[in-house]
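Working notes, beginning with the structure itself.
The values are calculated or read from the model by the stated rules, or taken from the named source; none is laboratory data. Not measured: the values here are computed from a predicted model. Ideal geometry is used to build each Cβ from the backbone, glycine not excepted, and the neighbour counts take in all protein chains shown. Each accessible area value is taken on the protein alone, full model and side chains, heavy atoms only, with ligands, DNA and RNA left out. Shrake-Rupley method; radii C 1.70, N 1.55, O 1.52, S 1.80 Å.
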Amino acid sequence: MFEMMYSTDSIRRQITEMQHRYFIVYADGLPAGYLSYETKSGDTYVFQKIYAVPEFHGKGVGRYMVEQVISRLRDIHPQPFTVELYVNRGNPAVGFYEHIGFAKSGTRDHPIGNGYYMNDYIMSMKVDTPIS
């Protein structure tokens, strides 16, 4: 799974072919986390990867990344839109996503090869109006 999703070649394809956008957050000059997203449709964006370095868990890095990317999306998409993300149904981050405004909107069992599946909740957030 890691080779499929996180190798240099895979990330290069995500950026150049799949049009994923990556944002890296730094704290005290060190990478503290990253978030990538892609456009799913005209009014829906998918947060593909959200990762905060473990020593920054609970310090607002995850919330900051989500808020900053949503702010960026509001700049480029002033009409209402939806943000989705996929999170493993057993991941404790489900509670974090609910806390910051995402809601479970479905499930998916996505095959990743060799008989393995990503058993995820689909979580979504409606973004109605820009912050003024």
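Worth a mention:
- Carbon/sulfur fraction of accessible area - the chain, other protein chains in place, 1.4 Å, %: 52
- HN-Hα J in Hz across the stretch 22-39 - Karplus 6.51, -1.76, 1.60, θ = phi - 60°, x for Gly and Pro: 10, 10, 10, 9, 10, 10, 6, x, 10, x, 10, x, 8, 9, 10, 9, 9, 7
- His110 accessible area, assembled protein chains, probe 1.4 Å, Å²: 80
- Net +/- balance of residues flanking Arg89 in space, Cβ distance below 11 Å, scoring K and R +1, D and E -1: 0
- The base-10 log of I(q)/I(0) for the chain, evaluated at q = 0.19 Å⁻¹, reads -1.29 [Debye formula, identical scatterers on Cα atoms, solvent excluded].
- Accessible heavy-atom area order of Glu17, Glu38, highest first, probe of 1.4 Å: Glu17, Glu38
- Among the protein heavy atoms, those of Ser36 account for about 0 Å² of accessible surface (1.4 Å probe, every chain in place).
- Cross-link partners for Lys40 among the lysines, with Cα-Cα distance under 29 Å and sequence neighbours closer than 8 places in the same chain left out: Lys49, Lys104, Lys126.
- Accessible surface of Asp109, taken over heavy atoms with a 1.4 Å probe and every protein chain present, rounds to 80 Å².
- The mean sequence distance of close C-alpha pairs (under 8 Å, at least 6 residues apart), as a share of the length of the stretch 33-132, puts its relative contact order at 26 percent.
- Residue-normalised accessible area of the chain, given per residue in Å² at a 1.4 Å probe: 62
- Largest GNM mean-square fluctuation among Ile50, Ile112, Ile24, using the chain with Cα springs under 10 Å: Ile112.
- Rounded, prolate or oblate (a/c below 1.5 giving rounded, otherwise prolate when a/b exceeds b/c) for the stretch 56-109 by Cα gyration tensor: oblate
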